[in-house]
Amino acid sequence: MLADVDELAVPSCKWLGVTMDDIDEFGLDRSIMQKLSPRDVAKIEALLGRPYLSESSSRTKKWREHLLRMRGEERKFEVEALSCLAPDFLRHTYLPQKLANMRIE
């Protein structure tokens, strides 16, 4: 199985979920953020310990930065919370702009 690890990798994977950078980019209200649960913190720690998210990996540097910022602020955004901004914000504003910024169609 170990010999197949390279074939199982997804080198072009994108983080589509709400990121801490979206606070500024979309002018999101911090009041819709939620406090990290103990499970969230444990998940962040587990992810940061994975080899592909190591400090030396340039491919996942941005992911690591997002996780560290979430841990530091002890807050997170749930994508569902975006619907409180406007009923169609997620569908008509957030996703189209996020996908365009990522160059995904």
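The values are calculated or read from the model by the stated rules, or taken from the named source; none is laboratory data. In this text the structure is predicted, and so the values were computed from the model without any measurement. Here the Cβ is made from the backbone with ideal geometry for all residues, glycine too, and neighbour counts use every protein chain on show. What goes into the accessible areas is simple: the full protein's heavy atoms, side chains included, and nothing from ligands, DNA or RNA. Shrake-Rupley method; radii C 1.70, N 1.55, O 1.52, S 1.80 Å.
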*Looking at the range 14-48, which of its residues are assigned to a loop (DSSP other than H, G, I, E, B) and either among the basic types (K, R) or at positive phi (or both)?*
K14, G27
_Looking for something assigned to a loop (DSSP other than H, G, I, E, B), modelled with pLDDT under 85, loosely packed, with under 10 Cβ neighbours inside 10 Å and of a type outside the set (D, E, K, R) - is there at least one such residue anywhere in the range 49-72?_
yes
*Can you work out which of the residues in the range 53-90 that are aromatic (F, W, Y) and touching a residue at least 40 places away in the same chain (Cβ under 8 Å) is nearest to K14 (Cα to Cα)?*
W63
*Pull up the range 33-46, narrow it to residues that are of a type outside the set (D, E, K, R) and surrounded by fewer than 16 Cβ atoms within 10 Å (Cβ to Cβ), then point me to the one that is nearest to L95 (Cα to Cα).*
Q34
*Among the candidates L95, L85, single out the residue that is modelled with pLDDT of 80 or more and under 16 Å from the mean Cα position of the chain (by Cα).*
L95
_Unmet requirement for D22, which otherwise passes all of (1) more than 29 Å from S83 (Cβ to Cβ); (2) open to solvent by less than 100 Å² (accessible area, probe 1.4 Å)_ = (1)
_Within the range 76-99, take every residue that is touching a strand residue (DSSP E or B) at 6+ places or on another chain (Cβ under 9 Å) and charged (D, E, K, R) and give me the one that is most open to solvent (accessible area, probe 1.4 Å)._
E78
